[in-house]
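Novice: Below you will find the structure I want to go over with you.
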Amino acid sequence: MKRFRKLLIVGLMLPLISDAQEKGLKDYYRDDFLVGAAVGYFFQQDEPLMALLKQHFNVVTPENQMKWEAIHPQPDRYAFEAADALVDFAQQNGMKVIGHCLTWHSQTPKWVFEHPDGTPLTRDELLARMQEHITTVMTHYKGKIHGWDVVNEAIKDGDDDVVLRDSPYLRIIGEDYLDHSFRFAKAADPSAELYYNDYSMADPKKREKALILLKGLIDRGVPIDGVGMQAHWSIYDPSIEEIEKSILAYHNLGLKVMITELDLSLYKFDDRSKPYEEAIPDSVLQLQAERYRQIFELFKKHSDKITRVTFWGVSDRHSWLNNFPVRNRRNAPLLFDREYKPKPAFEAVIKAAQQ
Ligand code: G3I
């Protein structure tokens with residue numbers, strides 16, 4: 001009898017135990033914002049990755065699959081297969097998808113800006129090519145994409161007052177190439193949210209430039225819904241204060257604020273040393289956890305302004321930071337280690353949700 005009672009109690013508790021095990025990041029932040037991850041090409045051959053995606057995330061971004069060179073490699077050839085695979089996976093698992101990205105100076109083939117003989121396109125020719133690309137890609141995914149990074153990384157780095165970076169788009173079309181991108185996108189899928197996305201968005205000078213750019217778009221009636229702060233940060237910087245100033249400043253323009261490519265490198269940006277090839281000291285992982293905790297407490301504080309927080313990857317095994325800025329250097333910027341196990345940073349992010 002005693003044994004039966006014990007079995008009964010364990011039996012009754014089982015659903016509770018498995019519920020607790022199933023609870024993921026997205027559930028802890030359900031009332032705050034969407035929680036996302038960038039997903040690379042080979043996710044379907046990676047069972048542990050797919051399990052983590054299903055448990056913890058409710059929105060995915062294709063890490064490379066929708067970039068121009070990937071999805072439209074030749075003038076009259078589109079290659080949707082890789083991106084389709086992720087969109088299908090997301091739909092089957094009730095996740096949203098973010099389209100990344102339509103207009104970017106990088107990962108865009110040279111032919112986009114040239115005639116076959118190598119002479120540059122005219123403004124009207126490039127606008128027509130942009131419109132064709134944006135319309136074809138967005139129409140293919142119409143109704144399946146929650147929001148698009150329409151323009152990526154258009155702002156110039158540096159302490160000068162030049163807002164737009166030099167690029168073939170700027171040289172050939174002029175400053176209004178952003179306006180046109182957003183307008184083409186709005187026409188192609190009026191139901192998708194449209195974003196401007198960039199890095200270093202918590203840096204004071206870049207923020208100043210971003211505010212000029214974004215305010216200009218809004219004043220001209222350009223259809224933009226939100227701004228993505230990429231958040232390729234480190235365990236050392238930027239400060240919580242600067243991050244907060246940026247969230248508030250972009251929100252005050254009336255835009256949705258998103259954290260779109262979050263990872264916390266173990267290295268300062270100009271550090272090229274390789275101290276952690278054998279092992280990463282616990283003290284460093286603890287420092288990272290503490291930073292993640294502070295950052296997520298800030299996000300939670302401003303959850304009325306932030307609609308999504310997306311990590312740029314899931315496991316340290318696949319992070320782009322293992323190859324940038326030093327090729328083949330061990331980095332560990334995410335919440336799950338190379339064996340897909342939760343790190344102290346993961347616990348810290350959960351803790352921040354419960355504050
Ligand atoms: O697909 C080729 C493969 O055929 C080739 O053998 C191999 C050799 O290097 O390269 C493969 O392409 C790589 C691609 O990722 C897919 O893995 C490129 O070399 C590599 O440069 C590319 O890096 C991506 C980078 O953007 C450039 O597009 C990273 O994975 C991706 O994480 C990174 O993401 C960007 C965001 O889009 C925008 N914000 C910054 C962020 C980090 O740089």
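Novice: Take the Cα radius of gyration of segment 152-201 and divide it by 2.2 N^0.38 Å, with N its residue count; two decimals is plenty.
Specialist: This ratio for segment 152-201 stands at 1.28.
Novice: Could you work out the helix-only [θ] at 222 nm for the chain, with each DSSP H run of four or more residues adding -39,500 (n - 2.57) and the total divided by the number of residues, to the nearest 500 deg cm²/dmol? Walk me through the intermediate numbers first.
Specialist: Details: 12 runs with 145 residues, N = 355.
Per the formula, -12500 deg cm²/dmol.
Novice: Something else about it: Rounded if a/c is under 1.5, else prolate if a/b beats b/c, else oblate: with a ≥ b ≥ c from the C-alpha gyration tensor eigenvalues square-rooted, which is segment 34-145? Please list the in-between numbers first.
Specialist: Working: a/c = 2.86, a/b = 2.33, b/c = 1.22.
Judged from the Cα gyration tensor, segment 34-145 comes out prolate (a/c at least 1.5, a/b above b/c).
Novice: Moving on. How large is the direction-averaged shadow of the alpha-carbon convex hull of segment 184-232, in nm²? If you can, show how the numbers build up before the last one.
Specialist: Working: hull surface 14.6 nm².
Its average projected convex-hull area is 3.7 nm².
Novice: Then there is this: Would you please put 276-284, 222-230 in order of how densely packed they are, using the mean number of other Cβ atoms within 10 angstrom per residue and starting with the highest?
Specialist: Values: 276-284: 11.2, 222-230: 22.4.
Averaged packing, sorted descending, gives the order 222-230, 276-284.
Novice: Which residue fluctuates most in the GNM of the chain (Cα springs below 10 Å): Ser200, Ser273, Ser303?
Specialist: Among Ser200, Ser273, Ser303, the largest GNM mean-square fluctuation belongs to Ser273.
Novice: Quick check: convex hull of the Cα atoms in segment 286-355, volume per residue, rounded to a whole Å³?
Specialist: On the way: hull volume 6.6 nm³, N = 70.
In segment 286-355, the Cα hull volume divided by residue count equals 94 Å³.
Novice: Enter the Cα centre distance for the pair segment 112-130 and segment 311-355, rounded to the nearest angstrom.
Specialist: Distance between centres, Cα-based: 41 Å.
Novice: Rg/Rh for segment 235-277 to two decimals, with Rh computed the Kirkwood way over all alpha-carbon pairs.
Specialist: Details: Rg = 14.3 Å, Rh = 12.7 Å.
My calculation of the ratio gives 1.13.
Novice: In degrees between 0 and 90, to the nearest 10, how far off the longest principal axis of the chain does helix 282-301 point, with axes built from Cα atoms?
Specialist: That helix lies at roughly 70 degrees to the long axis.
Novice: Can you give the accessible area per residue of segment 192-274, in Å², using a 1.4 Å probe?
Specialist: Details: 3110 Å² over 83 residues.
Accessible area per residue: 38 Å².
Novice: Would you mind pulling out the separation of the Cα centroids of segment 249-276 and segment 204-246, in Å?
Specialist: About 11 Å separates the Cα centre of segment 249-276 from the one of segment 204-246.
Novice: As I understand it, the value is the acute angle between the Cα axis of helix 177-188 and the longest principal axis of the Cα atoms of the chain; what does it come to in degrees, rounded to 10?
Specialist: Roughly 70 degrees, rounded to the nearest 10.
Novice: Relative to the longest principal axis of the chain, what angle (0 to 90°, nearest 10) does the C-alpha long axis of helix 204-219 take?
Specialist: 60
Novice: Given the options Val87, Val137, Asn64, identify the residue whose Cα lies farthest towards the positive end of the charge dipole of segment 51-159 (+1 on Cβ of Lys, Arg; -1 on Cβ of Asp, Glu).
Specialist: Comparing the listed Cα positions along the dipole, Val87 ranks first.
Novice: If you don't mind, there's one more thing I want to ask. So, with a 1.4 angstrom probe, what is the percent of accessible area on segment 264-349 that is carbon and sulfur?
Specialist: 50
Novice: Looking at segment 243-326, what % of the alpha carbon pairs are farther apart than 20 Å? Intermediate results must be reported in sequence, preceding the final value.
Specialist: Details: 1561 of 3486 pairs.
The proportion of pairs with Cα distances above 20 Å equals 45 percent.
Novice: Between Glu69 and Gln92, what length in nm is gained on full extension when 0.36 nm per residue of separation is reduced by their alpha carbon distance?
Specialist: 5.6 nm
Novice: Scattering from the C-alpha atoms of segment 198-355 alone, worked out with Debye: what is log10 I(q)/I(0) at q = 0.09, 0.15, 0.16, 0.17 1/Å?
Specialist: -0.31, -0.80, -0.89, -0.99
Novice: Nearest 5 percent is fine: what portion of the DSSP beta bridges confined to segment 55-200 is antiparallel? Walk me through the intermediate numbers first.
Specialist: Details: 3 of 15 bridges.
Within segment 55-200, antiparallel bridges account for around 20 percent of the total.
Novice: For the ranges 94-104, 74-84, 208-218, 235-245, what's the packing order if you count other beta-carbon atoms within 10 Å of each residue, average per peptide, and put the highest first?
Specialist: 94-104, 208-218, 235-245, 74-84
Novice: For segment 80-162, just the Cα atoms, rotate onto the principal axes and tell me the three extents in Å, largest first.
Specialist: 45, 37, 18
Novice: Another one. With no solvent and one equal point scatterer per Cα, compute the Debye intensity ratio I(q)/I(0) for segment 132-253 at 0.10, 0.11, 0.23 Å⁻¹ and report its log10, rounded to two decimals.
Specialist: -0.32, -0.39, -1.37
Novice: Quick check on packing: order 182-192, 259-269, 158-168 by the mean number of other C-beta atoms within 10 Å, highest mean leading. Walk me through the numbers on the way to the answer.
Specialist: Numbers: 182-192: 18.3, 259-269: 21.6, 158-168: 13.2.
Highest-to-lowest ranking by the protection proxy: 259-269, 182-192, 158-168.
Novice: Right, next: Quick one: pull the percentage of alpha-carbon pairs in the chain with a separation above 30 Å. Walk me through the intermediate numbers first.
Specialist: Working: 24860 of 62835 pairs.
Counting every Cα pair in the chain, those more than 30 Å apart make up 40 percent.
Novice: Kindly flag which residue pairs out of Lys156/Lys351; Lys26/Lys156; Lys215/Lys301; Lys67/Lys245; Lys144/Lys205 have an alpha-carbon separation exceeding 32 Å in this structure.
Specialist: Over 32 Å apart, Cα to Cα: Lys156/Lys351; Lys26/Lys156; Lys144/Lys205.
The values are calculated or read from the model by the stated rules, or taken from the named source; none is laboratory data. Keep in mind it's a predicted model, so treat the numbers as computed, not measured. So basically every Cβ, Gly included, is an ideal-geometry build from the backbone, and we count neighbours across all protein chains shown. To get the accessible areas, we keep the full protein, side chains included, count just its heavy atoms, and leave off ligands, DNA and RNA. Shrake-Rupley method; radii C 1.70, N 1.55, O 1.52, S 1.80 Å.
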